[in-house]
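Here the structure comes first, spelled out in structure tokens, and everything after it is commentary.
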Amino acid sequence: MEKAYKNCQSCGMPLSRDEQGGGTNADGSRSLMYCSYCYQDGKFTLPDITLMEMKARVRQKIKEAGFPGFLTGLFTRNLHKLERWK
């Protein structure tokens, strides 16, 4: 069985903030590991993205959400520890 995580194991977003309640597995069930932005129908939405590109994408989304720039580093500094990037 899939382990439940608090944060998406691809982008780091808190899964509780995902309006769709998480991504979807190939069988249509909810992913307990990835958010709906990163994972749909059992596949990554951006399968070829690199860790550096993901960090840049997350920083941009955080800025768009109105957070101060200095916080973007805090939110992205541990992305390399997430399951997708191990």
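Please treat every number below as a calculation from the coordinates, not as lab data. In this text, all values refer to a predicted model and were calculated from it rather than measured experimentally. Here the Cβ positions follow ideal geometry from the backbone for every residue, glycine too, while neighbour counts run over all protein chains shown.
If I model a spin label as a point 7 Å beyond the Cα along the Cα-Cβ vector, how far apart are those points for L32 and E64 in nm?
In this crude spin-label approximation the distance works out to 3.0 nm.
Testing the spin-label approximation: label points 7 Å from Cα along Cα→Cβ at E83 and I49. State their distance in nm.
Simple spin-label model gives 1.7 nm for this pair.
If contacts are Cα pairs under 8 angstrom and at least 6 residues apart, what is the relative contact order of the stretch 15-85 in percent? List each step's numbers first, then the result.
Values: 70 pairs, mean separation 13.6, N = 71.
Computed value for the stretch 15-85: 19 percent relative contact order.
Using the structure shown, select from K3/K63; K6/K86; K6/K63; K3/K61; K43/K86 the pairs with a Cα to Cα distance greater than 20 angstrom.
Where the Cα-Cα span goes over 20 Å, the pairs concerned are K3/K63; K6/K63; K3/K61.
Scan around Q40 for amide H atoms under 5 Å from its own, H built in the peptide plane at 1.01 Å from N, and keep only partners 5 or more places away or cross-chain.
Result for Q40 returns T24, T45.
How tilted is helix 51-64 with respect to the longest principal axis of the chain? Cα atoms for both, answer in degrees (0 to 90, nearest 10).
That works out to roughly 70 degrees.
Between (1) 293; (2) 91; (3) 127, which entry matches volume of the Cα convex hull per residue in Å³ as derived from the coordinates of this structure?
Among (1) 293; (2) 91; (3) 127, the one calculated here is (2).
To the nearest 20 debye, what charge dipole does the chain have about its Cα centre, counting +1 at the Cβ of each Lys and Arg and -1 at the Cβ of each Asp and Glu?
The dipole of the chain has a size of about 420 debye.
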